[in-house]
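Have a look at the structure below, then the notes.
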């Protein structure tokens, strides 16, 4: 096990991580970026990106991440392809350990992201990016004038159903229970919306579609009380059953909220540990966009620069 010293260690490699490393490098902080297992984060499984500013054409998620990575390398970021498995933030320098190296850092930016929860169906995986999505605000535009299904019962599901009424001709929301967990005011809006239908006590058993071109045309729903099965024609399925932030390794070292997201001081990226910062979906459960993650990556680098100067 070798030691490696650095001023700034950036953990994670999505839009937040790459942006933080680019800004830190340009500030002369010589950042080291440890990528983690999922190089590029959630955008690696997003095919068409239409809402990232600066591109006339639709761009591919993996391509966009590749461009960010190249830019980081061009400004001198040292990118290391491994995973941090242990941290110690109790004393300075901070110690973050991988299988091969202990990184000794004066400041740390955590941008390990979050992962959408999926239903775990074979057919869900098959049609991911071809009619199945976990982000209505990212992909809703592709379903203009089409019928869609939202799966879930919390705030996210209800918000996504309401959001999709701007695009879709009809929105069906399916929930495995007989009531929503979402805030009452959101529920009222949903129940009063003429475009939205609710199916209770039901789960998605299968997503149906065509092979060539690959697209969704229906879902098989099963009522968990009666076991009755119905087929609902839809062209889009949005899974909105929550996200899991990648914060397991930081538990007990950084303050997390009840869902496992990192807590930061309002309007900053500062965590409860002085010198440790968090950016992107690891701390943001509201916006969860590539551009907001990139913005927070920039904020984190600027917060770090200020912290190291002080």
message: I'd like to verify a number: residues in region 257-269 that are under 23 Å from residue 154 (Cβ atoms) and either out of contact with any helix residue (DSSP H, G or I) (no Cβ under 6 Å at 6 or more places or on another chain) or not assigned by TED's automatic domain parsing to the domain that holds residue 293 (or both), how many?
response: 7
message: One residue is enough: does region 192-213 have a residue meeting the conditions within 27 Å of the chain's Cα centre (by Cα), at pLDDT below 95 and farther than 18 Å from residue 126 by Cα?
response: no
message: Considering only residues that are part of a helix (DSSP H, G or I) and in contact with a helix residue (DSSP H, G or I) (Cβ under 6 Å, 6 or more places away or on another chain), which ones fall in region 118-136?
response: 136
task: Would you check if residue 273 is in the same structural domain as residue 300 (by TED's automatic domain parsing), farther than 21 Å from residue 138 by Cα and in a helix (DSSP H, G or I)?
output: no
- line: Filtering region 87-99 for residues that are at pLDDT below 95 and over 26 Å from the mean Cα position of the chain (by Cα) leaves a count of 0
The lone exception for residue 119 - which of (1) touching a strand residue (DSSP E or B) at 6+ places or on another chain (Cβ under 7 Å); (2) under 20 Å from residue 250 (Cα atoms) it fails: (2)
field: Condition met for residue 152 (within 18 Å of the chain's Cα centre (by Cα), more than 26 Å from residue 308 (Cα to Cα) and free of Cβ contacts under 8 Å to residues at least 24 places away in the same chain)
entry: no
- request: Name the residue, out of 231, 274, 259, that is surrounded by fewer than 17 Cβ atoms within 10 Å (Cβ to Cβ) and modelled with pLDDT under 95.
  value: 259
- request: Would you check which residues across region 295-310 are at pLDDT 95 or above and surrounded by fewer than 24 Cβ atoms within 10 Å (Cβ to Cβ) and list them?
  value: 295, 298, 299, 302, 303, 305, 306, 307, 308, 309
statement: Picking from 49, 75, the residue that is in contact with a helix residue (DSSP H, G or I) (Cβ under 8 Å, 6 or more places away or on another chain), over 22 Å from residue 276 (Cα atoms) and modelled with pLDDT of 95 or more would be 75
- prompt: Can you find a residue in region 249-256 that is outside any strand (DSSP E or B), in the same structural domain as residue 19 (by TED's automatic domain parsing) and free of Cβ contacts under 8 Å to residues at least 12 places away in the same chain?
  reply: yes
task: State which residue is surrounded by the fewest Cβ atoms within 10 Å (Cβ to Cβ) when the search covers only region 1-46 and only residues that are under 13 Å from the mean Cα position of the chain (by Cα) and in a loop (DSSP other than H, G, I, E, B).
output: 38
query: Is it the case that some residue within region 278-299 is without any contact (Cβ under 8 Å) to a residue 24 or more places away in the chain, farther than 30 Å from residue 111 by Cα and in a loop (DSSP other than H, G, I, E, B)?
result: no
message: Please verify whether residue 210 is touching a strand residue (DSSP E or B) at 6+ places or on another chain (Cβ under 8 Å) and free of Cβ contacts under 8 Å to residues at least 12 places away in the same chain, treating the condition exactly as stated.
response: yes
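The values are calculated or read from the model by the stated rules, or taken from the named source; none is laboratory data. Being a predicted model, the structure only gives us computed values, none of them experimental. So basically every Cβ, Gly included, is an ideal-geometry build from the backbone, and we count neighbours across all protein chains shown.
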